[in-house]
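Presented below is the structure to which this report refers.
What follows draws every value from the coordinates through simple rules; no lab data is involved. Not measured: the values here are computed from a predicted model. Every residue, glycine among them, receives a Cβ derived from its backbone with ideal geometry; neighbour counts consider all protein chains shown.
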Amino acid sequence: MDDDALDFWNLYAEEGGTALEDMERILSALRVASEDSPERQSLIAAFFRAIHTFKGGARSMGFSVIESRAHLGEDLVGQIRDEGVPLTGELHAILFELVDTLWGMLHESIGNKGDVDPAPTAGLMARMEKIRECNRMALAPMSGSGDQHEEVTLSTAHAEGDEADTASEHPDDGDDAETCAPMVSVAVDDEIILVQDVEAEPDASLALHDHDLVPDPEYTDPHAVAVPEMVDEAFIFEPVDPGQLASDPLYRQIFADMARQSLSLIHEIAGTPGDSTALAARIAAEAEKLLHAARQLGFDEWIECLGNIDDTLSAGLDGLSPLFAALVALYAQDFPQADPLTLVLDIMAPGATAVADPALDPYAQDSTCASEHADLAARMMTAMGELVTSQATNRYLLQQLKDEDMVRSVESMLVEYGLPLAGIQYALRQYLGAWQEKVEHLLQIDLHAQSLVEQLQDVVMDEQVKSVTVLASALSGRVDALRAETACSIQLDFMRGLDEQVDSRTLEQLQQCMGQLLEVCVRQRVCHAQSGGPSFSVELVRSEDSVSVHMAGSSCELPSSTGDLFCHLAQDVQKRGGRLVWSIDQDSATVVFDLQLPLTMAVMDGMVLRVGRIDYVVPIAAIQRIVLPESSAVVQVSAYGASHRVLRLDNDQVVAIRHLRAGSVDRDPVVEAADSAGRQIFVIAGKAGLQSVAIPVDELLGQQQVLIRPLQGFLALMEGIVGCTLLGSGNVGMVLNMDHLLARGKQGGRAHGRVSE
Amino acid sequence: MSHEVMLVDDSSMMRTILATMLRKYPEFSIVDSAVNGRDALDKIKNHPALALILLDIEMPEMDGFEFLRFAKLQSNAKIIILSSVALSGSSYAAKARALGADAIVSKPSGAVSFDLAEKCGDLLIQTMRTLVSQ
């Protein structure tokens, strides 16, 4: 016997023994598992796999007798697993008997080095075959059973006999072992069928329902398509239409998971410092995987988007933002989830919450409680923001219903179809009027609920938002501790910003970052009580999406090695989505820090605009006017070799036109939707001290209170976008950074030049 | 050129039989094997040049049909369902086709007492050759 053959024998013995042990264990467990036990189905599935494995082993060895016995057992268990046949006591017993028989066959075949004699097990085979056939007949679809309840006469029967026997031959009687006992013949609409009834009594009568006869009437195989006849037990299929694969829910789910992971990974890679060529190659590789999956499922929009990634990346990572935003929008469109905002944010900022380096922050432990509190408040804020959004959606739908003149619609239909309008007009008007009243009532309730949620939101905002004086007080405590420790006279003064309000999480991050800066400055400087100490002046400014701190320290002779520590701190700030720059002037013994951190979240009233397929949100406070000017009001301005489009308003004010694009503002000239007269809607936005701009839009979708989540990491680099939010329509909206938009307006405004019509 | 092949079958015996059989065909090299769909899913990413997956259906944890979907989306490999239950006209065969399997072949048998390659290995090898040449 060669080595291969010896291996096979060993594997056959080992795997066969293991499978039979599994079968015994499962049968024992099934004996005690109750009928409705959830583990029962998994036990039966495991038994099926075990006997399937045993059969495969016998087949591989060429032992057709053993294979046939195991195959029959597999069929019986398959009927239980897949077709709802109950595992009766008799079936259970015969499976035990089969396992005992298979043990004997396994040993015999190993001893003989060959197949076994079929004769001793022929009786068992016959009994099992009868049960299988009886089950098949019982499961066969019935025709003509029109009545739901039929009185029928029962008599127990041999499954394969032409004549029905009497029930006195009980299935459990020893000499009746070869009958398929738990069956009764039932006459339904002149057809004789067999159903299982272990409790059957002679000459009993029973009312049967259709569902008693068919184990699982709702079961249909979703993949039951015709398959060509195979030849010689092998067949190569024609490629399947991608649309067919895409109709499979599990395929769609797998793709959605892949897309989510790929987008997160691409986002993470793009935000990683390093060689941009290498990063682009990694991104391209990841996109290629997703592209392959999209091709398999025929997702054309994904294919088109991902197919452009090589071209996009050839110009570096800068061009990735719009493409990435388009992919995220595609994801939100194709895989709508119960909680789209969370979903999109997960893609955009996986693990965005930065963790401070505890080695650099001895006070980190003390802030644990505050942090938990901030987490709680943040979660409440998110929940309420989404509540508000849900209500905005409800209100939008209700408003649509309310605005629809149903009476007129129905009257038109009646007239159109020539029905006798007069006879039913009054009743119809009454009915529809009552319906409309209910919608109005619902709308009122919804408005009331919204006001309650807004009140609640205000309460939590009060809790969540803190004055900067809290920060000043915390830092003052830290300065006191340092003063006592180093015996230096240290001064810290807030020159500006104490009246600002900032959310507590951002405040906590500011406290950590500024505390670390102070620590480094004080500890790295050799302080002596006699030489006096460093003094720091702080100016804090809060914008819509971030908070900036300018901290200048005097009498801070710092060694050059301090730069490494500041680099470390800058990296920590970067992880939090912020920025830290500094300069040290050794001669004047001064150090200046500029620290910027994003606000964790904010709620604002916004106007929702649509440009192309993308929804944007403009803060209501920044909107000055909304106009629909004549097309002639849009003029081209040439100045210093460049040209700009501007809008001339009716008060002779001229404002620069800024186009919106996902991931950028004012990047490419576009043609927004215009009416038949060539007119277009413009939103005039501005702020004190900054020149106004005109934003051309396709559609005004309405006013809404929105919960803004800032974009983190790589996405924070998207020009002109502060964050994203879930809109009442269910879409994700990009919240515009008005400072950025208006600052560009200011630059454009400096270009005085010739105006051409 | 040797085409990379992965075996996915919970039966170690079947994996051994297939490996033994394929050893005779240098045009195919088995680069990995897995004991169920979940195991295969973990391993498939290590083999970007995988040409063929020989896949059983009945397996614990993740069966062949579920793995088939993942493999189809994550790999360029052609997938051959190798099963004793997925025979002509069966619902298994229909499902395999509907889910995008490339071929279906009955499991080889007679490993010890008969000439495996001659009996049914030929069919498998023919199918493998056809698929890799497509």
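Here the 3J(HN,Hα) profile of the stretch A:107-117, calculated from phi with Karplus coefficients 6.51, -1.76 and 1.60 at θ = phi - 60°, is 5, 5, 5, 5, x, 7, 6, x, 6, 9, 6 Hz, Gly and Pro shown as x. Cβ-Cβ distance of residue B:90 and residue A:107, R₀ of 35 Å, FRET efficiency by 1/(1 + (r/R0)^6): the value works out to about 0.60. Counting, for every residue in B:52-65, the Cβ atoms of other protein chains within 10 Å of its Cβ and taking the mean gives 2.
Within 10 Å of each Cβ in A:51-57, how many Cβ atoms from other chains are there, averaged over the peptide? Write down the numbers at each step before the final one.
Working: counts 1, 9, 10, 1, 3, 13, 6.
Partner-chain Cβ atoms within 10 Å, mean over residues of A:51-57: 6.
For the pair residue A:276 and residue A:484, label points projected 7 Å from Cα toward Cβ lie 5.1 nm apart. Estimated at 0.36 nm per residue, the fully extended path between residue A:28 and residue A:557 surpasses their Cα-Cα distance by 182.3 nm. Once backbone amide H atoms are built at 1.01 Å from N, residue A:723 has A:711, A:735 as its partners under 5 Å, excluding neighbours fewer than 5 places away on the same chain.
For B:20-30, what's the mean count of beta carbons from other chains sitting within 10 Å of each residue's beta carbon? Please report the intermediate quantities before stating the final value.
Values: counts 5, 1, 0, 1, 0, 0, 0, 0, 0, 0, 0.
The per-residue average across the peptide is 1.
Using only side-chain charges placed at the Cβ, +1 for Lys and Arg and -1 for Asp and Glu, the dipole size of the stretch B:1-60 relative to its Cα centre rounds to 180 debye. Taking other residues whose beta carbon is less than 10 angstrom from the beta carbon of residue A:296, and scoring Lys, Arg as +1 and Asp, Glu as -1, yields +3. Between the beta carbons of residue A:539 and residue A:431, assuming R0 = 60 Å, the FRET efficiency works out to 0.35 to the nearest 0.05.
If exposed means no more than 12 neighbouring beta carbons inside 10 Å and the site is in a DSSP loop, what's the longest run of chain B without any exposed trypsin sites (Lys or Arg not before Pro)? Mind showing how you got there, number by number?
Details: sites that count: B:23, B:24, B:45.
It runs B:46-134.
Its Cα centre serving as origin, the stretch A:20-71 has a Cβ charge dipole (Lys and Arg +1, Asp and Glu -1) of approximately 220 debye.
Take the Cα pairs of the stretch B:19-107, get the Kirkwood Rh, then feed it into Stokes-Einstein at 20 °C and 1.002 mPa s and tell me D in µm²/s.
Translational D for this selection: 161 µm²/s.
Note on residue B:126/residue A:333: beta-carbon distance plugged into 1/(1 + (r/R0)^6) with R0 of 35 Å gives a FRET efficiency of 0.20.
Placing unit charges on C-beta atoms (Lys and Arg positive, Asp and Glu negative, everything else neutral), compute the dipole magnitude of chain B about its Cα centre in debye, rounded to 20. Don't skip to the answer; put the middle values down first.
Numbers: 14 positive and 16 negative charges, 60 e Å.
Here the size comes out at about 280 debye.
Applying the Kirkwood pairwise sum to the alpha-carbon positions of the stretch B:25-77 produces a hydrodynamic radius of 11.3 angstrom.
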